[in-house]
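Below: the structure, in structure tokens.
The values are calculated or read from the model by the stated rules, or taken from the named source; none is laboratory data. Just so we're clear, the structure is a prediction, and the values are computed from it rather than from any experiment. Virtual Cβ from ideal backbone geometry, glycine too; neighbours counted across all protein chains shown.
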Amino acid sequence: MERRGIFWLGVLLMLVVLAFVAPYTVLSGVDRWYGAFLFWVLFALAAIGVNFAIVRRWKD
Amino acid sequence: MSVGLVWAGVGIYVLIVTVVAFMARGGMGSGSLVDYFLWNRDMGGIVGALSYAATTYSAFMLVGLAGLTYAGGVGALGFEMVYFSGLVLVAFFGPRFLLVGKKFGYVTTSEMLGDRYGSRAVAVVVALANCVFLIPYSAVQLAGVGYLLDGTTGGAIPFLAGTVIVVLAVSSSAGLVVTVPAIVRAFFWRRGTAAGVLASVVLGGALVAFLELAGLRPLGGASGVWGFVAAVVLYVGVSFVMKAPEGKAAEFIGYLKRGLKDRGAV
């Protein structure tokens, strides 16, 4: 559990870094909906996936 | 929007909140700290989610984020998504808090950290930091409602009146700050008296409200800062003037000390 949780935290951390880097570098010249807008939407879906992966086996 | 309609909306809101508060009060079991703040650690998923939503969808988001989008465009989406991804901290640490909280009876994080590191100083510093960082956040909530009422009524309900409504209805910012010394010292200072608590909360809260409404920032300090200073001085000062409390305070702190010792905390 511990190692798995830390792995997913690491994944999310990388996604967060990407959420800053990508829109302000490679996507900075794309003034269309499929630019930063789509990127952040996909980032949000990935973040939801990471949250789900972490709490999936939790039972109280 | 017509001013009457807005006033009616505010009135209905206050009424509903009051009714809900009374209903919740009737449904409370022991009336203990855990019951009040954590619903006896027995809150279901739906109410838990609603509680999270109520925390998140505040003026910070409804007013602040809308304004950020208006001012900065799609970049606001990035800001919000990164903020939202922080929920992973709840997913990861939530179960840990839940387990140790149930095991050792913690209500707040400062309590837990103080116990965990065996240091009162840690608990106090964490509690103080929480309060300090909540001051701007709370202030934003007040300002948000003020701007909303001002904007939707075209200035008929001025920003100040909107702020007064929130101060009276919620009093979260001032209340939060001025109760700090009383709460913190309740666990550590045997000499603290009820009169000291009352003086610090009531007069400290009044000072915060006065500075906010008058728009004053003495020496450049925010109202919350002065409210906090006043609350500390009043609590300590009044407690020293009054007769030392007997019975309960010693019993309370003695019980805490024994409980902490039993759990291996220093």
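How about segment B:37-65: which of its residues are closer than 27 Å to B:Gly75 by Cβ, surrounded by 12 or more Cβ atoms within 10 Å (Cβ to Cβ) and not β-branched (Val, Ile, Thr)?
Across segment B:37-65, the qualifying residues are B:Tyr52, B:Ser58, B:Ala59, B:Phe60, B:Met61, B:Leu62, B:Gly64, B:Leu65.
For segment B:73-85, state whether one or more residues are of a type outside the set (Asp, Glu), without any contact (Cβ under 8 Å) to a residue 40 or more places away in the chain, more than 30 Å from A:Lys59 (Cα to Cα) and touching a Ser or Thr at 6+ places or on another chain (Cβ under 7 Å).
yes
Just name the residue that is surrounded by the fewest Cβ atoms within 10 Å (Cβ to Cβ) out of those in segment B:1-36 that are of a type in the set (Phe, Trp, Tyr) and modelled with pLDDT of 80 or more.
Ranking the qualifying residues of segment B:1-36, first place goes to B:Tyr13.
Hand me the list of helices (runs of 4 or more DSSP H) wholly inside segment B:124-241 holding 2 or more residues that are modelled with pLDDT under 70 and under 23 Å from B:Thr108 (Cα atoms).
In segment B:124-241, B:172-178, B:180-188, B:194-214 are the helices (runs of 4 or more DSSP H) which contain 2 or more residues that are modelled with pLDDT under 70 and under 23 Å from B:Thr108 (Cα atoms).
Restricting attention to segment B:58-66, does a residue exist that is over 26 Å from B:Gly105 (Cα atoms), more than 14 Å from chain A (Cβ to nearest Cβ), of a type in the set (S, T, N, Q) and touching a helix residue (DSSP H, G or I) at 6+ places or on another chain (Cβ under 9 Å)?
So far as segment B:58-66 goes, yes, one or more of its residues are over 26 Å from B:Gly105 (Cα atoms), more than 14 Å from chain A (Cβ to nearest Cβ), of a type in the set (S, T, N, Q) and touching a helix residue (DSSP H, G or I) at 6+ places or on another chain (Cβ under 9 Å).
Check off (1) surrounded by 13 or more Cβ atoms within 10 Å (Cβ to Cβ); (2) in contact with a helix residue (DSSP H, G or I) (Cβ under 9 Å, 6 or more places away or on another chain); (3) outside any loop (DSSP other than H, G, I, E, B) for A:Phe52 and give me the number that stays unchecked.
(1) is the only condition that A:Phe52 fails.
For segment A:5-15, enumerate the residues that are aliphatic (A, V, I, L, M) and within 8 Å of chain B (Cβ to nearest Cβ).
A:Leu9, A:Leu12, A:Leu15
Considering only segment B:95-108, how many residues are of a type outside the set (A, V, I, L, M, F, W, C) and either surrounded by fewer than 17 Cβ atoms within 10 Å (Cβ to Cβ) or facing chain A (nearest Cβ under 7 Å) (or both)?
Residues meeting the conditions: 5.
Kindly check whether there is at least one residue in segment B:72-91 that is away from chain A (no Cβ under 14 Å) and exposed (fewer than 14 other Cβ atoms within 10 Å of the Cβ).
Looking for residues that are away from chain A (no Cβ under 14 Å) and exposed (fewer than 14 other Cβ atoms within 10 Å of the Cβ), one finds none in segment B:72-91, hence no.
Do you know which residues across segment A:16-51 are within 7 Å of chain B (Cβ to nearest Cβ) and either of a type in the set (Phe, Trp, Tyr) or in contact with a Ser or Thr (Cβ under 7 Å, 6 or more places away or on another chain) (or both)?
A:Val16, A:Phe37, A:Trp40, A:Phe43, A:Ala47
Which residue out of A:Arg32, A:Arg57 is surrounded by fewer than 17 Cβ atoms within 10 Å (Cβ to Cβ) and either in contact with a helix residue (DSSP H, G or I) (Cβ under 6 Å, 6 or more places away or on another chain) or touching a residue at least 12 places away in the same chain (Cβ under 8 Å) (or both)?
None of the other options fit; the residue is A:Arg57.
Among the residues of segment B:57-93, how many are among the β-branched types (Val, Ile, Thr) and under 23 Å from B:Leu148 (Cβ atoms)?
Final tally of qualifying residues: 2.
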